[in-house]
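What follows is one structure encoded as structure tokens, with my remarks underneath.
The values are calculated or read from the model by the stated rules, or taken from the named source; none is laboratory data. None of the values given here were measured: they were computed from a predicted structure. Here the Cβ positions follow ideal geometry from the backbone for every residue, glycine too, while neighbour counts run over all protein chains shown. Only protein heavy atoms, including side chains, enter the accessible area calculation; ligands, DNA and RNA are left aside. Shrake-Rupley method; radii C 1.70, N 1.55, O 1.52, S 1.80 Å.
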Amino acid sequence: MKEFEKELAILKGRVDGLEARVGTLEANQFSTTTKLKGSTYWVLGANSFGGNFSGGGNGASAIEGGTTFNYDLRLDLDTSFTGKDLLRTRLRAGNFGASGFNGGGFGPSLNALEVSFQEPAGANVVGIDRLFYQFPLGSGFTFTGGPHVRQDDMLAMWPSAYPADTILDVFTYAGAPGAYNLTLGGGAGLWWQKDGFSISANYVSSNSNVGQPGYTVAPGDGTGGGVMTNAAASSSTIQLGYAGSNWGAAFAYTYAQNGSSVYGGNATPLAAFASGNGTGTSNNYGLSAYWTPKTAGYVPSISAGWGYSSYDAANTQANLGLAGSPISGITAAQNWYVGLQWADAFVKGNSLGMAVGQPTFVTAMNSGTPQDGNFAWEWWYKFQVTDHISVTPAIFYLSNPQGAFGFSDAQTAGLSTTNPLTNFGGLIKTTFKF
């Protein structure tokens with residue numbers, strides 16, 4: 001032993017040092033059960049417009065044409081008590097409310113980005129964006145529920161491989177924004193999966209915190225709410241899906257009421273009217289699929305989806321409130337998209353992507369078929385600077401984001417779209433993950 005005394009002394013010193021460091025770590029650790037995961041997205045960009053409404057004091061350029069620098073911050077506190085369950089608390093803040101990419105204002109809403117976020121209380125205000133609990137329940141079953149849970153948190157699979165880095169919000173709904181409406185509120189869901197096959201069912205009410213089961217003033221005034229009430233802005237979804245090693249497909253059906261369907265960031269104004277106002281109901285269907293190549297190369301992954309929504313025409317007519325216009329009750333809308341994505345594009349770790357499709361547009365009304373069609377394109381390239389930092393330049397084009405309201409006298413011109421508004425945008429998004 002004497003001949004190893006020197007080496008043993010060195011090892012003992014190293015062990016003592018390691019124990020001291022472990023003790024310091026344990027004394028200062030955040031939690032034995034909770035992990036903190038964060039991400040922040042910084043966006044520098046601007047929009048330009050063509051066609052009608054492109055200039056002047058009340059034009060889209062005057063409202064949404066300025067270069068802006070905005071951020072979205074998300075902090076996830078993931079807690080596990082058994083090693084198999086998950087209690088998630090997400091804190092979120094942003095300042096996109098007055099940005100040209102916020103999906104609101106006078107200009108086109110379809111230029112909303114997936115990261116365009118701001119708390120209703122205002123810019124730079126931190127709020128609770130998720131609060132739910134998930135745990136296994138028997139063989140193959142998983143239960144998810146909470147007072148602030150989103151529809152997709154309760155799905156066994158997501159039927160799209162696109163995008164690796166989000167740009168326009170409209171391309172993040174697997175091609176079916178009505179069926180995958182991402183309603184956020186109080187709810188619960190259960191899924192079962194085995195050998196790639198899955199069945200998911202869930203319910204969410206975005207105004208579940210309001211104890212007024214009936215509207216007290218008028219439809220759409222925001223005074224109703226509850227769970228499983230006539231005033232609940234609710235979404236009930238069933239999804240059947242299969243996810244293999246490099247491909248997947250799913251069919252989803254969602255019954256939505258009181259505005260829990262599409263919104264201006266993934267639909268034309270006319271389609272958003274149909275589902276976003278008043279007490280209307282809708283039946284929404286989605287068929288989505290994806291395929292990814294076994295190895296990175298010239299062949300991209302392919303994601304595609306199609307959605308169809310039918311509306312209560314009597315309610316959509318009342319919700320529009322456009323007296324004297326040629327509009328009658330809206331009965332149906334559709335949408336579709338195709339997304340292509342190249343992994344390890346030019347440089348290992350980088351990604352290249354593009355998508356094209358038609359955001360939700362009205363296809364049937366009591367008074368005929370409106371000229372509500374439109375196209376959206378996006379192109380982006382993601383530079384993976386480090387394991388935790390990426391920079392993504394992107395451009396996008398919207399051919400007719402106002403749809404049937406493409407120019408100022410649309411109501412008196414029979415919903416024509418002659419020389420409609422167009423939107424070209426460019427941005428650089430920097431992502432930090434920690």
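One table, with the values for the structure above:
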quantity	calculated
Cubic angstrom per residue, convex hull over Cα atoms of the stretch 57-152	115 Å³
Heavy atoms of Phe171: accessible area, 1.4 Å probe, square angstrom to 10	10 Å²
Residues with amide H under 5 Å from that of Val210, placed H, sequence gap 5 or more	Gly226
Cα-Cα over 23 Å, subset of Lys348/Lys433; Lys35/Lys433; Lys37/Lys194; Lys35/Lys294; Lys348/Lys382; Lys37/Lys294	Lys37/Lys194; Lys35/Lys294; Lys37/Lys294
Contour excess over end-to-end distance, with Cα ends at Thr32 and Ala46 and 0.36 nm allotted per residue	0.6 nm
Two-site label geometry, Ser80 and Asn230: point separation in nm, points 7 Å out along Cα→Cβ	4.6 nm
Computed accessible area, Tyr41, all protein chains, 1.4 angstrom probe, square angstrom	30 Å²
Heavy atoms of Asp312: accessible area, 1.4 Å probe, square angstrom to 10	50 Å²
Long-range Cα-Cα pairs in the stretch 224-315 (distance over 14 Å), rounded percent	70 percent
Accessible area in the full protein assembly, largest first, 1.4 Å probe, for Met228, Met157, Met354	Met228, Met354, Met157
